[in-house]
Amino acid sequence: MNDEIQALKKNDTWDLVPRPQNHIVVGCRWIFKTNLHADGSIECHKARLVAKVFSQIHGLDFEDTSSPVVRPARAVIKPSRAEPVFDLSTLCPATVRIILSIAVTSGWPLHQLDVKNAFIHGHIFEEVYMDQPPGYTDPQFPQHADSSLFIHHITSGTVYLLLYVDDMVLTGNNPALTKTLITRLSTEFAMKDLGSLHYFLGVKVQPNSHGLFLSQTKYALDILQRANMVEAKPITTPFEVGHHLTIEGKLFSDHTLFRSLAGVLQYLKITRLDLSFSVNSIASTGHHGLQLHRTSSHELLAYSDADWAGCPDTRRSTTGYVIFLGANLVSWCSKKQSIVSRFSAEAEYRSLVFATAEVAWIVQLLRDLRLQLPFPPKILCDNKSAIFMAVNPVT
């Protein structure tokens, strides 16, 4: 708590002023968290000061909102500008996998940093008043109150910075430039150097002879413990072949537990492609994960497929695609389509559309990363009618 308060004061987060009479004063509270290593051992204890913004009313007290947790922004830092230029890209799991794939392919070092203080580091133009932190009220003034992937490119090299709240991952083709950037960040914020990348967003990163191996063993075991399935036997196929879930029949007894497990399993899909189709099942073995190969090329290849009317309740089809950057799997999807397809070619064509949109986004991301593709992207589909419609969109 003392470190948090000192960091807030160092960054000039607030000024003590007389309590206003005609403004809403936002309260605050302390949030405590225990950070764990990948093996479950305790790394450190953290304290965060958070404002009780739920007391404000949208449209009256504020208009815009931002969340560095769900949709952080991406910025391109140009040498000729002092401020970064933001666009609306998101730090999705595919972005993390692409950056790690480029780093391991190019042989770049991966460095990890942690910001000791994650309070507001932006500039706001509105007046916001907040109570003093509990336990740290100034005795002289007892009644006073108060998205992202970054790309740094210069002639000597390029540095990529992945930011998720207070966790950072840096990589680049010039170690001296990376070290200089870390030094500059340390002068602006209270930083903790965690060394080489080993654990990021709940994903364990293990270097091996082939490149990098990404796994979520601890997260998977936590889910098994929540579901009381630690002693369950693993299976190679996480879903019964030819079986379709339906709303008919006996419902699961604990609805809250079922929804909770369905939600936490979504995050497990960062490294588990085999669970994309059946997020209500999980294998209990810990060696499953995602391998990023060091000898990968930069060719972009996608596979698209779909079933037809696979859902017995809604008769909607399921879209599926996987995208490779060289030999590394960087993006995938298995999702029920929003409308009913009247024939199989329509379902396949819709899947092809989603795969094409994802490929177009990855191409744009690679351009922002100043990475040139050696060949145009390829998208493979096994339905001749869908391919014909894609080649002849007018007919």
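How many residues does segment 293-320 contain that are surrounded by 17 or more Cβ atoms within 10 Å (Cβ to Cβ), of a type in the set (S, T, N, Q) and touching a helix residue (DSSP H, G or I) at 6+ places or on another chain (Cβ under 8 Å)?
4
Each row is one residue, and each column tells you yes or no for (1) aliphatic (A, V, I, L, M); (2) surrounded by 15 or more Cβ atoms within 10 Å (Cβ to Cβ); (3) modelled with pLDDT of 85 or more.
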| site | (1), (2), (3) |
| --- | --- |
| Ala190 | yes, yes, no |
| His210 | no, no, yes |
| Thr237 | no, no, no |
| His243 | no, no, no |
| Lys250 | no, no, no |
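Under 6 Å between Cβ atoms, at least 6 apart or on separate chains: pull out the pairs that start in segment 168-186 with a residue that is outside the structural domain of Gly202 (by TED's automatic domain parsing) and end on any residue that is modelled with pLDDT under 90 and surrounded by fewer than 17 Cβ atoms within 10 Å (Cβ to Cβ).
That search, which allows pairs on different chains as well, returns nothing.
Report, by residue number, each residue of segment 366-386 that is part of a helix (DSSP H, G or I) and surrounded by 18 or more Cβ atoms within 10 Å (Cβ to Cβ).
Hits for segment 366-386 are Leu366, Ala386.
If I filter segment 334-355 down to residues being under 27 Å from Leu300 (Cβ atoms) and of a type in the set (Phe, Trp, Tyr), which single residue comes out as surrounded by the fewest Cβ atoms within 10 Å (Cβ to Cβ)?
Phe354
Spot the failing condition for Val115; the list is (1) within 23 Å of the chain's Cα centre (by Cα); (2) under 22 Å from Thr187 (Cβ atoms); (3) at pLDDT below 60, and only one is missed.
Just one mismatch for Val115, condition (3).
Give me the pairs: first residue in segment 351-373 and within 30 Å of Val340 (Cβ to Cβ), second residue hydrophobic (A, V, I, L, M, F, W, C) and not in a helix (DSSP H, G or I), beta-carbon distance under 6 Å, and six or more apart or on different chains, which are they?
Ser351/Ala306; Leu352/Cys381; Ala355/Ala302; Ala355/Ile379; Val359/Ala302
Name the residue that is nearest to the chain's Cα centre (by Cα), counting only residues in segment 282-306 that are of a type in the set (D, E, K, R) and at pLDDT 90 or above.
Only one residue tops the list, namely Glu299.
Going through segment 138-173 one residue at a time, which ones are at pLDDT 70 or above, surrounded by 13 or more Cβ atoms within 10 Å (Cβ to Cβ) and more than 17 Å from Leu201 (Cβ to Cβ)?
Ile151, His152, His153, Gly157, Thr158, Val159, Gly172, Asn173
The values are calculated or read from the model by the stated rules, or taken from the named source; none is laboratory data. In this text, all values refer to a predicted model and were calculated from it rather than measured experimentally. With ideal geometry, Cβ positions are generated from the backbone for all residues, glycine too; neighbour counts draw on all protein chains shown.
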